[in-house]
Amino acid sequence: MKWLKAFVSLVLGVATLGLGILIATNNPEVVQLSFLQWQLPGLSLGTLVLVIFAGGCLLGLSVNLVWIWRLQAARRRLTKELKNTVKRVEQIQ
């Protein structure tokens, strides 16, 4: 089952990479992005879309990492509580 998950992940990664290259090559128009006082020099639209997409992916991964760390800490705490409870039950019997 692990190999299937790895294969699907690989296929999705290659498809995403291919789609990104396709977007970058088919959108060569130069655009300039400005936000408040900050201005980005002219970049191709495809490059800008890819950079924003990659930033969103990194942000999502970092949020999920924090969530996973919290779940692992809760699992360790609950496992410890379960072991202590089992010990107490064994002592009572």
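Please treat every number below as a calculation from the coordinates, not as lab data. Fair warning: this is a prediction, and the values are worked out from it, not measured in the lab. In this analysis, Cβ positions are derived from the backbone assuming ideal geometry, glycine residues included, and neighbour counts consider all displayed protein chains.
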* Please state which of the following conditions Gly18 fails to meet, knowing it meets all the rest: (1) surrounded by 10 or more Cβ atoms within 10 Å (Cβ to Cβ); (2) part of a loop (DSSP other than H, G, I, E, B). => (2)
* Structure fact -> Note on the stretch 30-50: residues exposed (fewer than 11 other Cβ atoms within 10 Å of the Cβ) and touching a strand residue (DSSP E or B) at 6+ places or on another chain (Cβ under 9 Å) are Gln32
* What are the residues in the stretch 21-65 that are part of a loop (DSSP other than H, G, I, E, B) and not small (Gly, Ala, Ser), if any? -> Asn27, Pro28, Glu29, Gln32, Leu33, Leu36, Gln37, Leu40, Pro41
* **Pairs, first more than 17 Å from Cys57 (Cβ to Cβ) in the stretch 1-25, second part of a helix (DSSP H, G or I), C-beta under 9 Å, six or more apart** => Leu22/Gly46; Thr25/Gly46
